[in-house]
Amino acid sequence: MIEMDGLTAVILAAGEAKRMRSRQPKVLHPLCGRPLIGYALRAARVVADRLVMVVGPNAEGLRAAAGEAVTFVEQRERLGTGHAVLQARPACGPGTVLVLAGDMPLLSSETLERLVNHHKATGAAATVLTAVVERPQGYGRILRQGGRVKRIVEDRDATDDQKKLAEINTSVYCFDAKRLWKALAEIRPDNEQGEYYLTDAIGILARAGGRIEALAAPDPVEALGINDRGQLAAAAAILRRRILDRLMAEGVTVLDPASAYVEDTVTIGPDTTVYPHVLIEGATTIGRDCVIASGCQISASRLGDRVKLKPYCILTEATVEDEAQLGPFCHLRPKAHIGSRARIGNFVEVKNSRIGRGSKANHLAYIGDATVGEDVNIGAGAITCNYDGAAKHETKIGDRAFIGTNTSLVAPLTVGDGAYIGSGSVITKDVPPGALAVERSQQIVKEGWVARRAAKSRDKDEDD
Ligand code: UD1
Ligand code: CA
């Protein structure tokens, strides 16, 4: 049931976004870990009772990204922002209609709340969120008369004098629904682009004697609309700083906010230190008292508490339990699960494997499709040969086993608890618990061989 004073948010996302020069829809471009549209949706969700999104044809990706609780309406032809809002009419309630563009990632829900409250308190026909900006080029300008908003002129239709105005239209508005639909019916595409401009609804309402209110965004960056990749990067820089500010307020030490790249989807516990030149992205969770040294790249991974990452660790979809130590230069691939207090050292790669509590692989190893028990020692150069050219096979290594250096463990293979593997062995058969397995040819020792060879070559020289 639609309440009389309910608020419908209409998010415009059907534009062609030519300026992005992309095959991907503009609002699906990733920005600090979320699609661009996610930010407008998140802000609108806080204030609105109903969410309506205007999308173009072939917007399956966008529909999937926006998720449930959104009503989609299709704008088949992109005839302008006014035409776009009109398509949303059947999905809107009778109360207030909040219109916003889908390409405004820095807009906050607090500002939307202030806009809605101001609109309701003044009983205006429309309330425009404006901003005073240093470089107003490209934006619609607010034209006032005796202080009151009279209309909005688009940059391309503005006179040189109007272009000097610094007060711009952010493309966020509250409308009284009834008056909005009436005004939209009167809009004509008599402008430089031949489009139905939503901005014209403001002039139409003012001329009809309606009260137009303007509320300035407290921070003009909130107005930033993403039309090209330069603006996308500018928004990302501001968002990244906001994300780091939030983490620092939560107790994380960020040694160099200028070079730490942390996405919006990341959570980090207090007293964790993030060194310069670190990238942490996706759904990553890091516990408290951890150290993330320079050069680490962590994607969609879970780290417990007191985990130490030395420089240049690469983690993707990995889990690392409390007090484990990684690196420098280790590579955890999807489904690597490192137990507590385990150590994974330099040039060690782990994929789809569990490494038990306290186990160590400190140098130059590959562990794939393996289950490694607790307190196991994996020597330098040890390899699980998990792939036979056709299929992947599993290796099981029991607790306290000792895998000598340069061992090849040819899977499928089980090494029992406490078993020892001699260095340089190629192990193809299961090793029972507590056994020693060595697979290499006997060492030959010839005493005095060096001196004999030297004598031989001396004799040869004298003969010549
Ligand atoms: C618009 C405003 C301008 C304001 C600026 C703020 C108009 C005419 N101009 O200009 O006053 O200063 O935003 O960033 O409204 N869209 C549709 N269907 C269409 C056309 C656009 O859904 O037919 C959507 C776009 O996807 C976008 C939004 O509407 O999310 C704004 O369109 P855009 O082309 O970016 O307008 P601007 O030129 O930026
Ligand atoms: Ca825009």
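Observations on the structure shown:
- Dimensionless Rg ratio for the chain, taking C-alpha atoms and the 2.2 N^0.38 Å reference: 1.43
- GLY416 long-range amide H proximity, modeled H, under 5 Å: GLY398, VAL431
- Annotation: average projected area of region 76-147 is 7.0 square nanometres, based on the convex hull of Cα atoms across all directions.
- Spatially proximal aspartates and glutamates relative to LYS308 (Cα-Cα < 16 Å; intrachain offsets below 8 disregarded): ASP271, ASP289, GLU321, ASP322, GLU323
- Length added when fully stretched, ALA216-SER423, from 0.36 nm per residue minus Cα-Cα: 67.3 nm
- Solvent-accessible area assigned to carbon and sulfur over the chain amounts to 49 percent, based on a 1.4 Å probe.
- With the simple model of a label 7 Å out from the Cα in the direction of the Cβ, LEU436 to ASP161 spans 9.9 nm.
- Treating r as the C-beta distance of VAL445 and LYS335 and R0 as 56 Å, the FRET efficiency rounds to 0.75.
- Relative to the dominant Cα principal axis of the chain, helix 36-47 is inclined by about 60°.
- Proximal lysines to LYS446, defined as alpha-carbon separation beneath 27 angstrom and excluding residues fewer than eight positions away on the same chain: LYS456, LYS460
- Summed over the residues of region 401-464 and divided among them, the accessible surface reaches 74 Å² per residue at a probe radius of 1.4 Å.
- Helix 229-249 and the long axis of the chain differ in direction by around 70°, with both axes built from C-alpha atoms.
- The accessible-area ordering, largest first, of the residues TRP181, TRP449 stands as TRP449, TRP181, per a 1.4 angstrom probe.
- Projected over every direction and averaged, the convex hull enclosing the alpha-carbon atoms of region 194-304 yields 10.2 nm².
- Out-of-range pairs (alpha-carbon distance over 19 Å; input LYS310/LYS396; LYS26/LYS164; LYS335/LYS392; LYS18/LYS150; LYS120/LYS178; LYS310/LYS360): LYS310/LYS396; LYS26/LYS164; LYS18/LYS150
- Cross-link reach is defined here as a Cα-Cα straight distance under 16 Å, omitting same-chain residues fewer than 8 places apart; for LYS429 the aspartates and glutamates meeting it are ASP388, GLU394, ASP417, GLU439.
- Unit charges on C-beta of K, R, D, E only; dipole of region 382-433, Debye: 60
- Helix axis angle, 177-186 relative to the chain longest principal axis, alpha carbon, degrees: 80
- Magnitude of the charge dipole for region 113-173, about its Cα centre and with charges confined to Cβ atoms of Lys, Arg (+1) and Asp, Glu (-1), is about 220 debye.
- Once C-alpha pairs closer than 8 Å and six or more residues apart are averaged by separation and normalised to the residue number of region 339-389, the relative contact order reads 33 percent.
- Label-zone membership for region 310-325, site THR285, 7 angstrom Cα→C-beta point, backbone N under 15 Å: 317-322
- Length gained on full extension, ALA69 to ARG229: 54.6 nm, using 0.36 nm per residue less the C-alpha separation.
- Test item: Cα-centred dipole of the chain, Lys/Arg +1 and Asp/Glu -1 on Cβ, debye: 500
The values are calculated or read from the model by the stated rules, or taken from the named source; none is laboratory data. What you see is a predicted model; the values in this text were computed from it and never measured. Glycine also receives a Cβ, built like all others from the backbone with ideal geometry; neighbour counts cover every protein chain displayed. For accessibility, only protein heavy atoms count, side chains too; no ligands or nucleic acids. Shrake-Rupley method; radii C 1.70, N 1.55, O 1.52, S 1.80 Å.
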